[in-house]
Amino acid sequence: MAVILAAGASRRFGATDKRLARLPSGRTLLAATLATASVVFPRLWVVLREDDDPVALGLAPDTPILRAHRAADGLGASLADAFAALCSDPSLSRAPAAAVLLGDMPGIAPETLAALRDAAGPGRIVRPRHAGRPGHPVLFGRDVWAELAALDGDEGARRAIAHHRDCSHEIGVDDPGIHLDIDAPDDLTALWREDRV
């Protein structure tokens with residue numbers, strides 16, 4: 001299963017909602033990320049702000065949505081809201097792990113997602129490594145979910161990963177897409193030049 005974080009304010013992108021930015025493929029940024037994730041993770045949720053309209057963002061009406069009530073407080077708070085909802089869902093009581101993807105990273109290869117999924121487990125944190133540094137997404141075993149549900153602020157899950165070094169694993173991948181996020185219009189321009197997504 002996977003959680004796609006798409007509740008950020010994206011201030012560096014300017015006045016335009018970057019989730020609706022068009023990629024060379026014709027898809028929007030968020031739709032492309034969702035499409036790639038759904039190839040490997042048949043069960044997934046998109047994390048949105050409370051006032052977001054999923055249909056206006058190009059999502060299908062039946063897309064499972066988790067609302068980040070504290071999205072304005074930062075990435076960690078959005079992540080916490082999402083995992084609090086997952087922890088309280090009885091249908092997920094046997095789910096071994098959840099992948100956390102960022103909604104602005106459309107270039108991750110499905111093969112990378114599959115390799116991470118296959119290495120996941122309840123007591124493991126798994127993330128990819130390319131060119132000597134780790135990237136996204138990160139798969140969190142169920143044993144860590146309660147800790148993620150207690151996060152706050154904008155730090156994200158770095159503290160949780162550091163706290164569980166003994167069960168954190170990195171998988172080498174030949175995939176520069178694990179580092180490619182679209183933060184500013186120039187990043188999108190570069191994508192168009194390379195026609196990568």
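What is the magnitude of the charge dipole of the stretch 1-132 about its Cα centre, with +1 placed on the Cβ of each Lys and Arg, -1 on the Cβ of each Asp and Glu, and no other charges, expressed in debye to the nearest 20?
Working: 15 positive and 12 negative charges, 83 e Å.
In total the dipole reaches around 400 debye.
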Evaluate the charge dipole of the stretch 45-85 about its Cα centre and quote only its size in Debye, nearest 20, assuming +1 on the Cβ of each Lys and Arg and -1 on the Cβ of each Asp and Glu.
-> 120
As a percent rounded to 5, the proportion of antiparallel DSSP bridges among beta bridges in the chain is 35
Counting Lys and Arg as +1 and Asp and Glu as -1, what is the net charge of the other residues whose Cβ lies under 10 Å from the Cβ of residue 78?
-> 0
Under the rule rounded for a/c under 1.5, else prolate if a/b exceeds b/c, else oblate, using alpha carbon gyration tensor axes a ≥ b ≥ c, the stretch 77-120 is classed as oblate
Here the stretch 55-72 yields Karplus 3J(HN,Hα) values (6.51, -1.76, 1.60; θ = phi - 60°; whole Hz; Gly and Pro given as x) of 5, 5, 8, x, 8, 4, x, 9, 5, x, 10, 10, 8, 8, 5, 10, 3, 5
A chain fully extended from residue 169 to residue 38 at 0.36 nm per residue, minus the present Cα-Cα distance, gains in nm 44.8 nm
Compute the whole-percent fraction of alpha carbon pairs in the stretch 39-86 spaced more than 15 Å apart.
-> 45
Largest-first ranking of 183, 174 by accessible area, probe 1.4 Å, whole protein assembly kept, is 174, 183
Want the number for residue 162 to residue 22: 0.36 nm per residue separation, take away the alpha-carbon distance, what's left?
-> 46.8 nm
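Give the shape of the stretch 128-185 as rounded, prolate or oblate, defined through the alpha-carbon gyration tensor: a ≥ b ≥ c are the square roots of its eigenvalues, a/c under 1.5 means rounded, and otherwise the shape is prolate if a/b is larger than b/c and oblate if not.
Numbers: a/c = 2.52, a/b = 1.34, b/c = 1.88.
The shape class here is oblate.
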Asserting the computed 222 nm helical MRE of the chain (DSSP H runs at least 4 long, -39500 (n - 2.57) per run, divided by residue count, to nearest 500) equals -8000 deg cm²/dmol
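Rule-of-thumb check for the chain: C-alpha Rg over 2.2 N^0.38 Å? Write down the numbers at each step before the final one.
Working: Rg = 15.7 Å, N = 197, 2.2 N^0.38 = 16.4 Å.
Rg over 2.2 N^0.38 Å, computed on Cα atoms: 0.96.
With +1 assigned to the C-beta of every Lys and Arg and -1 to the C-beta of every Asp and Glu, and no other charges, what is the dipole magnitude of the stretch 67-176 about the Cα centre in debye, to the nearest 20? It would help to have the intermediate numbers written out before the result.
Working: 12 positive and 15 negative charges, 38 e Å.
For the stretch 67-176, the charge dipole is close to 180 debye.
Filter the trypsin sites (Lys or Arg not before Pro) in the stretch 1-74 down to the DSSP loop ones having no more than 12 other Cβ atoms within 10 Å, then list what survives.
Working: sites: 11, 12, 18, 19, 22, 27, 43, 49, 67, 70; in loops: 27, 43, 70.
Listed in order of number, the matching sites are 43.
Sort the stretch 76-175 into rounded, prolate or oblate with this rule: let a ≥ b ≥ c be the square roots of the eigenvalues of the Cα gyration tensor; rounded if a/c is under 1.5, and if a/c is not under 1.5, prolate when a/b is larger than b/c, oblate otherwise. Write down the numbers at each step before the final one.
Details: a/c = 1.57, a/b = 1.42, b/c = 1.11.
Since a/c reaches 1.5 and a/b is larger than b/c, the shape of the stretch 76-175 is classed as prolate.
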Local net charge near residue 66, Cβ-Cβ under 14 Å (Lys/Arg +1, Asp/Glu -1) | 0
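The values are calculated or read from the model by the stated rules, or taken from the named source; none is laboratory data. None of the values given here were measured: they were computed from a predicted structure. Using ideal geometry, Cβ is built from the backbone for each residue, glycine included, and neighbour counts are taken over all protein chains shown. Heavy atoms of the whole protein, side chains included, go into the accessibility calculation; ligands, DNA and RNA do not. Shrake-Rupley method; radii C 1.70, N 1.55, O 1.52, S 1.80 Å.
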